[in-house]
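See below for the structure under consideration.
The values are calculated or read from the model by the stated rules, or taken from the named source; none is laboratory data. Everything numeric in this text was worked out from a predicted model, so none of it was measured. So basically every Cβ, Gly included, is an ideal-geometry build from the backbone, and we count neighbours across all protein chains shown. We work out accessible area using only protein heavy atoms, side chains counted, and drop any ligands, DNA or RNA first. Shrake-Rupley method; radii C 1.70, N 1.55, O 1.52, S 1.80 Å.
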Amino acid sequence: MTRVLVVDDDFMVAKLHSRCVSAVEGFTVAGVAHSGADALRAARELRPDLLLLDVYLPDMDGIEVLRAVRAEEERAGRGGAHADALFITAARDAATVRSALRAGALHYLIKPFSQAALREQLLHAASVRTRLAALDEARQEDVDRIFGTRPRASRELPKGLAAHTADLVERILREHPGGLSASECAEAGSLSRVSARRYLEYFTETGRAEVTLRYGGTGRPERRYRHVG
């Protein structure tokens, strides 16, 4: 279970985000804070796995909160037991986004955003945490999966796969965080089922998608693909 601390100065927004978190399987709201000082106190006492941080708080901004949390974790010698952070904010200026990234944020969602977008980032945060916990020594492919895809120029598609179609299939995957079949992907992208499956299997092999099997009454189980990273 991933324990989340929701930090937002708006009581109604914090309640909405809490409901979104609770609706995702494997996540629970450990606490809610409406100021920077409350967030620091809650992080110290509750030791959540993930912080959902707004930038605009009444006493200090969310980036200062994250830096202070990191400093306390280092002083406490907690090693790998750091809380991850996801910013959910209306702040759009590039300087703030850069500061959040440099402070150690996993991602940055600009309000307003869909519940599906938040759900995807929550699942990504949990996936990163799980992958890191399972590693003793990382291979390059492990690092690529954790940090996201490599720069576009470094990605070489296998012969017969086209970059524009790969981008289309990846976008469809991102738009269906609950997963979808090759047939559903083909329909969404106006592709043949065979073509859609080739790209989906390629993403699975390169760590950008994972497969689960859905068993029906008879016949072979259906392969369901979900975007990761």
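Condition first: in a helix (DSSP H, G or I), open to solvent by less than 40 Å² (accessible area, probe 1.4 Å), farther than 23 Å from Gly26 by Cβ and touching a residue at least 24 places away in the same chain (Cβ under 8 Å). Can you find one or more residues in segment 121-131 that meet it?
no
Scan segment 41-64 for residues that are crowded, with 18+ Cβ neighbours inside 10 Å and either in contact (Cβ under 8 Å) with a residue 60 or more places away in the chain or not acidic (Asp, Glu) (or both) and jot them down.
Ala42, Ala43, Pro48, Asp49, Leu50, Leu51, Leu52, Leu53, Val55, Leu57, Gly62, Ile63
Within the bounds of segment 24-40, is there any residue that is touching a strand residue (DSSP E or B) at 6+ places or on another chain (Cβ under 6 Å), β-branched (Val, Ile, Thr) and touching a residue at least 60 places away in the same chain (Cβ under 8 Å)?
No, the conditions are met nowhere in segment 24-40.
If you go through segment 203-223, how many residues are in a loop (DSSP other than H, G, I, E, B), within 20 Å of Leu157 (Cβ to Cβ) and of a type in the set (S, T, N, Q)?
Within segment 203-223, residues that are in a loop (DSSP other than H, G, I, E, B), within 20 Å of Leu157 (Cβ to Cβ) and of a type in the set (S, T, N, Q) number 1.
Which residue, of Ala163, Ala125, is at pLDDT 80 or above, out of contact with any Gly (no Cβ under 9 Å at 6 or more places or on another chain) and closer than 26 Å to Ala23 by Cα?
The unique qualifying residue is Ala125.
Count, please, the residues in segment 169-202 that happen to be touching a strand residue (DSSP E or B) at 6+ places or on another chain (Cβ under 6 Å), open to solvent by less than 10 Å² (accessible area, probe 1.4 Å) and in a helix (DSSP H, G or I).
2
Inspect all residues belonging to segment 176-196 and state whether any of them is closer than 18 Å to Ala116 by Cα, among the small types (Gly, Ala, Ser) and out of contact with any Lys or Arg (no Cβ under 9 Å at 6 or more places or on another chain).
yes
Among the residues of segment 85-115, which ones are open to solvent by less than 50 Å² (accessible area, probe 1.4 Å) and under 24 Å from Arg226 (Cβ atoms)?
Ala85, Leu86, Phe87, Ile88, Ala105, Tyr108, Leu109
Among the candidates Arg19, Arg3, single out the residue that is over 15 Å from Leu106 (Cβ atoms), open to solvent by 70 Å² or more (accessible area, probe 1.4 Å) and in a helix (DSSP H, G or I).
The conditions single out Arg19.
Please list, ordered by first then second residue, the pairs with beta carbon atoms under 6 Å, 6 or more apart or interchain, first in segment 65-84 and surrounded by 11 or more Cβ atoms within 10 Å (Cβ to Cβ), second part of a loop (DSSP other than H, G, I, E, B) and modelled with pLDDT of 80 or more.
Pairs that qualify, where the first residue is surrounded by 11 or more Cβ atoms within 10 Å (Cβ to Cβ) and the partner is part of a loop (DSSP other than H, G, I, E, B) and modelled with pLDDT of 80 or more, are Glu73/His82; Ala83/Pro48; Asp84/Leu106.
Among the residues of segment 31-38, is any at pLDDT below 95 and surrounded by 15 or more Cβ atoms within 10 Å (Cβ to Cβ)?
No - not one qualifying residue is present in segment 31-38.
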